[in-house]
Amino acid sequence: MKKTILLLFAIGCLSSCTFQTHYLQSGSILFEPVVAETVSVHLGDIEQEYIVIAAIAVDAMGQGKEAKELLQEKAASLGANAVIRTELTKIGSAITRTGLSGVAVRVK
């Protein structure tokens, strides 16, 4: 019984966590953070000139809104004003999780 309760507690804790990471481009320029709501998210590439800052990835509970907001927050913390080439990953089980990854850039 104690093992079952411990297992359920561990699953509950892990399932409510979010995950985010980034990998800086070699020789990246560091920018001041920006406001997360101003970061645009694009499925493909964009036509404007930009500077690549980092590859970023996030994972959050929910259908996608939470993951998008987390992606924007991560990009903003690096000084990016856009995320390009985003990819969506949905993990459906008892709890729906959404992963988003892309390239954080600073549009010139």
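The values are calculated or read from the model by the stated rules, or taken from the named source; none is laboratory data. The structure presented is a predicted model; accordingly, all values stated were derived computationally and were not measured. Please note: Cβ atoms are built from the backbone with ideal geometry, for glycine as well, and neighbour counts cover all protein chains shown. Heavy atoms of the whole protein, side chains included, go into the accessibility calculation; ligands, DNA and RNA do not. Shrake-Rupley method; radii C 1.70, N 1.55, O 1.52, S 1.80 Å.
Brief remarks follow.
- Scanning the range 67-87 for residues that are of a type in the set (A, V, I, L, M, F, W, C) and either over 10 Å from the mean Cα position of the chain (by Cα) or in a helix (DSSP H, G or I) (or both) gives A67, L70, L71, A75, A76, L78, A80, A82, I84.
Here's the yes/no breakdown for (1) at pLDDT 95 or above; (2) loosely packed, with under 10 Cβ neighbours inside 10 Å:
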| site | (1), (2) |
| --- | --- |
| T4 | no, yes |
| F9 | no, no |
| F31 | no, no |
| A57 | no, no |
| A60 | no, no |
| E66 | no, no |
| G79 | yes, no |
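- Subset of the range 36-46 (residues that are within 15 Å of K68 (Cβ to Cβ) and among the aliphatic types (A, V, I, L, M)): A36, V39, V41, L43
- Contact map, the range 19-44: residues that are closer than 22 Å to T89 by Cβ paired with residues that are assigned to a loop (DSSP other than H, G, I, E, B) and small (G, A, S), Cβ distance under 9 Å, separation 6+ or inter-chain. Pairs shown: V39/A80.
- Only one of the listed residues (S40, S15) is at pLDDT 95 or above and open to solvent by less than 50 Å² (accessible area, probe 1.4 Å). That residue is S40.
- For the range 88-100, filtered to residues that are part of a strand (DSSP E or B) and polar (S, T, N, Q), the residue that is most open to solvent (accessible area, probe 1.4 Å) is T89.
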